[in-house]
1. Antiparallel DSSP bridges in the stretch 4-250: what percent, to the nearest 5?
2. So if each residue of separation counts as 0.36 nm, and I subtract the Cα-Cα distance between ALA82 and ALA64, what length gain in nm does that give?
3. Set the Förster distance to 35 Å, then compute FRET efficiency between THR232 and VAL71 from the Cβ-Cβ distance, nearest 0.05.
4. For GLU234, which sequence-distant residues (separation of 5 or more, or a different chain) have an amide H within less than 5 Å of its own amide H, given hydrogens modelled in the peptide plane?
5. No solvent, one uniform scatterer per C-alpha: report log10 I(q)/I(0) for the stretch 139-223 via the Debye equation at q = 0.11, 0.13, 0.26 1/Å, two decimals.
6. How much length would be gained if the chain were fully extended between ASP116 and ASN173, taking 0.36 nm per residue of separation minus their Cα-Cα distance, in nm to one decimal?
7. Which of MET212, ASN195, GLN184 sits farthest toward the positive end of the charge dipole of the stretch 174-220, with +1 on the Cβ of Lys and Arg and -1 on the Cβ of Asp and Glu?
8. Taking the Cα centre of each part, how many Å lie between the stretch 103-150 and the stretch 214-246?
Amino acid sequence: MIEIDGLADRLDLAQRTAADTPSLADSHEIDSDDAYRIQNALIGRRTGRGESIVGVKLGFTSKAKMAQMGVSDVIVGQLTDAMRIEDGGDVDLARFIHPKIEPEIAYRLARDVDPDDPAVDIVSCVDAVAPAMEIIDSRYRDFRFTYTDVVADNTSAAGYVLGQWQRMQDVDNRAVRLEVGSRQAVGSTSAILGNPVRALHALVDMARRRAMPLRAGQVVLAGAATAAVTLTAEVAQCHIAGLGRVSVRGA
Ligand code: 0L1
């Protein structure tokens with residue numbers, strides 16, 4: 001029997017104190033259901049401290065990442081208001097253990113989505129799309145984790161920044177450039193499941209399987225369009241063709 005609460009407390013402490021922790025899989029046999037239970041308990045610690053759930057994020061949305069982890073399924077994590085960083089704002093790196101940043105597409109839900117409705121059309125529930133970046137910060141020592149570890153750790157979610165919302169549109173095959181100081185990663189939005197809109201369909205499936213509510217106003221981070229870049233005390237900015245730019249400054 002897995003101690004869900006004890007493991008959630010361990011990950012919560014690692015996040016709050018920016019002190020890494022060994023892989024849970026070193027000492028526990030955890031399956032996917034347990035991992036999502038730990039994630040929910042971890043998010044419960046955050047909401048218990050007054051944070052609100054404001055969205056979800058998808059992970060392992062690139063073929064390269066799936067192959068690296070030996071999986072064929074996306075993972076889903078939860079975003080809270082405390083993770084939001086204003087566009088152009090400063091982010092205190094002392095909050096994190098070993099942060100990295102990724103360029104992303106964000107969608108905004110205009111209506112609740114019922115994942116149990118077989119006729120649900122999540123795309124018609126989205127009213128806006130924006131350039132975005134996600135800060136990931138695995139709580140595990142040396143970034144050494146298994147699939148269930150990363151699910152339990154809320155898929156490494158640590159922060160996010162949104163650019164200007166634009167009307168909902170097809171954002172497939174847009175050029176993406178991420179710069180962190182003089183370092184750069186370039187790619188295309190099609191690295192996100194072949195087309196970022198597929199992340200929305202994958203989300204409905206995950207929400208149904210994991211009984212995860214999808215509410216009007218929530219943000220959906222569709223997944224990384226390039227490999228993650230280490231976030232340092234410099235400006236990090238992402239440009240997505242036709243959508244615009246978003247930035248933060250590590251401080
Ligand atoms: O955003 C993601 O793809 C989720 C997994 C990130 C794992 C990591 O910390 O590298």
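What follows draws every value from the coordinates through simple rules; no lab data is involved. Predicted model, so just to flag it, every value in this text is computed and none were measured. Methodologically, a virtual Cβ is constructed for each residue, glycine included, from the backbone with ideal geometry; neighbour enumeration extends over all protein chains shown.
1. Taking every DSSP beta bridge within the stretch 4-250, about 85 percent pair in antiparallel fashion.
2. Once the chain is fully extended between ALA82 and ALA64, it gains 3.5 nm.
3. Rounded to the nearest 0.05, the efficiency is 0.75.
4. Answer set, sorted by chain and number: GLY250.
5. -0.43, -0.60, -1.37
6. On the way: separation 57, 0.36 × 57 = 20.52 nm, distance 3.04 nm.
Between ASP116 and ASN173, full extension yields 17.5 nm more.
7. MET212
8. Taking the Cα centre of the stretch 214-246 as reference, the centre of the stretch 103-150 is 12 Å away.
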